Structures are given as C-alpha cells and as structure tokens.
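Beneath this line is the structure, given in structure tokens, with notes to follow.
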Amino acid sequence: MKKLSPIVCALLITASACSPIGAVVGAGATVGTAALEERGIEGSYDDAKIQFDLNNILYAQDKDLLSKVDFTVREGKVLLTGLVETPEMRQDAEQLAWRAEGVREIVNEIEINTQPGLLDMGKDVMVYSEVWAKLTLDEEIDSINFAVNVTNGSVYVMGIARHRAELDKVLAHAQNVKNVKRVVDLVRIKDQYAQSTGSSY
C-alpha cells in the first residue's frame, strides 16, 4: 500500500472540492474516512489523483470548458456531466479526460445546452441535499461508499454497494425525491466486476 505523504493527504481531503459545479459532488474522502471505504486508502488515493489531474488538465487546456464540466471519479471510472454549447466541446472534454493517468473508463453524460438557462442549479442543490441526507440517515446504507452527482435533474450514483439490497435502497431513495428526472446507476456491487455502462431508472 502507498505511504501517505502530506501531498497525498491533501489530495484526499480536497479532491471533491475542485469541481466547478458544486451541486454535483458527493461527500469527499478524507484521510480518516478513506480507510473505512470499500475502495480503501489506496483506491481513494488513486481516484483523488485522477481528480486532481483532471482539474489541472482542463485548467491548462480550456478554462471555459472546466467551468462547464464536472467530473466524479470512483475506481478509475470518470463520470463527466454538465452543459456545453456544442457537440465538439462534449467530445473535447472526453478526450482531455483520457489524458489523466489511471483512467479506466469514461461515462460521458455531458448534455448539449441549446436553451439558455436550461441548468437550474438551485433545484440540483436541493435534490442533492435531500438525496444525500436520505442516504446518510439510513442505517442500512453505508453512505461513505457512494458518491452522488446531480445535474439538470439527473441523479448519478457511483461507488460500491455491499450487496444488492443496499443498492436497491440507495436507488429507491434517489428516485423518491422531488424534481428528479431520472436516476443513473453506476454502482458496483462488492466482489462483482464493475459494469461498463450504467442503468437508468
């Protein structure tokens, strides 16, 4: 297992705070909580490094794109969300994301924004807060293993579920929140291989 240098600790603490669209980030891993996650300290470190690299790459290449796109990372899988003006920007974001070392898979859910004001961040913040509260308060869910991303009414759930029953409860909570248009399941059940594509509900 990798030793945790001060730089690594900083990565673990700040990784989830780097995204430009604040409504979409799940609870950030800290050094103290990383060891409790199913992905462990090493997995948390790897994901935090990818997140850090993604921010740096987009900042260096296209600051405007960075302001429009958010990324969530779990086990090397990168979820891209946000609203951009053209299909080319959507493609550029994915191509830039592949430059980050350690990326295994990219799920590109970036939408093309043809209507000004289409993104209602206020609603997304409220949806995220309610979904995350439900997961945190449910004693049958180990919420530390999940990340929730809300963009334009779509709820994306990533992470590792201990078993199918836990995952079903997580998805049910997300579905039963006002203003949710759809729920996309990107969760891996423990001891099973990750699915290459998510399921929508």
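The values are calculated or read from the model by the stated rules, or taken from the named source; none is laboratory data. Small disclaimer: the values here were computed from a predicted structure and weren't measured. Every residue, glycine among them, receives a Cβ derived from its backbone with ideal geometry; neighbour counts consider all protein chains shown.
The figures follow:
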item	result
Filter result (within 20 Å of ILE144 (Cβ to Cβ) and touching a residue at least 60 places away in the same chain (Cβ under 8 Å)) within region 44-84	THR72, ARG74, GLU75, LYS77, LEU79
Restricting region 157-180 to residues that are in contact with an Asp or Glu (Cβ under 7 Å, 6 or more places away or on another chain) and outside any helix (DSSP H, G or I), the residue that is surrounded by the fewest Cβ atoms within 10 Å (Cβ to Cβ)	ARG162
Output for region 86-133, where each listed residue is without any contact (Cβ under 8 Å) to a residue 24 or more places away in the chain, in a helix (DSSP H, G or I) and hydroxyl-bearing (Ser, Thr, Tyr)	SER129
Residue in region 46-67 that is more than 29 Å from ASN176 (Cα to Cα), among the aliphatic types (A, V, I, L, M) and in contact with a Lys or Arg (Cβ under 7 Å, 6 or more places away or on another chain) present	yes
Scope region 111-133; condition buried (at least 19 other Cβ atoms within 10 Å of the Cβ) and at pLDDT 95 or above; matching residues	VAL127, TYR128, VAL131, TRP132
Members of region 134-152 that are in a loop (DSSP other than H, G, I, E, B) and either crowded, with 22+ Cβ neighbours inside 10 Å or under 15 Å from the mean Cα position of the chain (by Cα) (or both)	ASN152
Test for LEU96: is it assigned by TED's automatic domain parsing to the domain that holds ILE50, surrounded by 19 or more Cβ atoms within 10 Å (Cβ to Cβ) and out of contact with any Pro (no Cβ under 8 Å at 6 or more places or on another chain)	yes
Test set (1) under 27 Å from GLY76 (Cβ atoms); (2) at pLDDT 95 or above - ILE144 fails condition number	(2)
GLU109 acidic (Asp, Glu) and touching a strand residue (DSSP E or B) at 6+ places or on another chain (Cβ under 6 Å)	yes
